[in-house]
Amino acid sequence: MQAYLDGELIGSGPTRTGIISTNVYPLRIGYSHYSSEDGFDGLIDDVKIYDKALLKEEINIDSLNNPIE
């Protein structure tokens with residue numbers, strides 16, 4: 001996984017792959033129902049989920065076309 005801010009890579013971590021299964025749990029971003037930890041301490045305000053890994057160029061184009069205000 002890679003995290004970008006304004007089209008620039010700011011962090012990375014292990015990649016998780018697989019199908020997002022249908023279950024009774026809500027989709028959680030920044031928190032896991034499998035863990036007792038508090039989760040992400042901050043604000044997440046723009047999330048997109050893709051069915052493929054994006055190229056850096058695709059991320060840059062998307063950030064230019066959809067700026068966060």
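Contact order for the chain, expressed relative to its length and based on alpha carbon pairs under 8 Å spaced 6+ residues apart, stands at 29 percent. Taking amide H positions as modeled 1.01 Å from N, with prolines and chain starts lacking one, the residues under 5 Å from Tyr4 and 5 or more places away or on another chain are Ile10.
By accessible area, using a 1.4 Å probe on protein heavy atoms only, the chain has 53% of its surface on carbon and sulfur. Solvent-accessible surface of the chain, taken per residue with a 1.4 Å probe and all protein chains present: 97 Å². Once the Cα atoms are used to define both axes, helix 56-65 deviates from the longest principal axis of the chain by about 80 degrees.
Between the labelled values [x] 13.5, 46; [y] 13.9, 38; [z] 10.6, 29, the entry that holds Rg and Dmax of the Cα atoms in Å as derived from this structure is [y].
Counted by Cβ distance under 12 Å from Tyr31, the other residues give a net charge of -2, where Lys and Arg count +1 and Asp and Glu count -1. Computed from label points 7 Å out along Cα-Cβ, the spacing between Tyr25 and Gln2 is 2.8 nm. Distance between the 7 Å Cα→Cβ label points at Asn65 and Leu9: 2.3 nm.
The values are calculated or read from the model by the stated rules, or taken from the named source; none is laboratory data. All of these numbers come straight from a predicted model, not from anything done at the bench. Positions of Cβ are backbone-derived with ideal geometry, glycine not excepted, and every protein chain shown enters the neighbour counts. Accessible surface areas use protein heavy atoms only, side chains included; no ligands, DNA or RNA. Shrake-Rupley method; radii C 1.70, N 1.55, O 1.52, S 1.80 Å.
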